[in-house]
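Report on one structure; see the data block that follows.
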Amino acid sequence: MLKIRLRRGGSKRQPSYRIVVAESTASRDGKFIEVIGFYNPRTQPETIRVKEERALHWLSVGAQLTDSAAQLFKKCGTTERFARLKGGESLEALVAEAEASAPVVNPQTKPATRAKAATVASPVAAAEDSAADA
């Protein structure tokens, strides 16, 4: 059985994912058939790119979505377009709609960084600061 799922990339604590079509028995980062998209949760807003034509093709031949891939496809509207494809709409019209509605991706978008924890001042330092203000 074929699955559409996420394949992790990136370095430690800096994940990015490829959306791939793979055999369900293959390991998470193992052998895959085709890369059909990209997902980076670290950018603001998060980056989701899907090759709509290929995604719709694999869904139409019976590939199953994993839970995480299904959430991403729902966000970018691919699941809705697939339902319309099954209803009889043409593939070309759906792909054109997907390209028109895709947000412009700025490759220079900086990854989100973790907010540094606020340093807690000691009570003595706080008392000195308030005395200096008075």
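Of all residues in the stretch 18-28, those satisfying the criterion of being surrounded by 15 or more Cβ atoms within 10 Å (Cβ to Cβ) and either among the acidic types (Asp, Glu) or free of Cβ contacts under 8 Å to residues at least 24 places away in the same chain (or both) are 18, 20, 22, 26. Here 74, 12, 3, 31 are screened, and the one residue that is surrounded by fewer than 20 Cβ atoms within 10 Å (Cβ to Cβ) and within 20 Å of residue 101 (Cβ to Cβ) is 74. Being assigned to a strand (DSSP E or B), closer than 21 Å to residue 47 by Cα, in contact with a Gly (Cβ under 9 Å, 6 or more places away or on another chain) and not aromatic (Phe, Trp, Tyr) is the filter here; which residues of the stretch 7-32 pass it? Correct list: 7, 15, 16, 18, 19, 20. Applying the selection to the stretch 54-103, what residues are of a type in the set (Phe, Trp, Tyr) and farther than 18 Å from residue 32 by Cβ? Hit for the stretch 54-103 is 82, nothing else.
Among the residues that make up the stretch 74-85, is at least one of them touching a residue at least 40 places away in the same chain (Cβ under 8 Å) and not hydroxyl-bearing (Ser, Thr, Tyr)? No: zero hits.
Since every read-out is calculated from the coordinates, none of them should be taken as a lab result. Keep in mind the model is a prediction, meaning the values are calculated, not measured. When we count neighbours, we look across all protein chains shown, and the Cβ atoms used for this are built from the backbone with ideal geometry, even at glycine.
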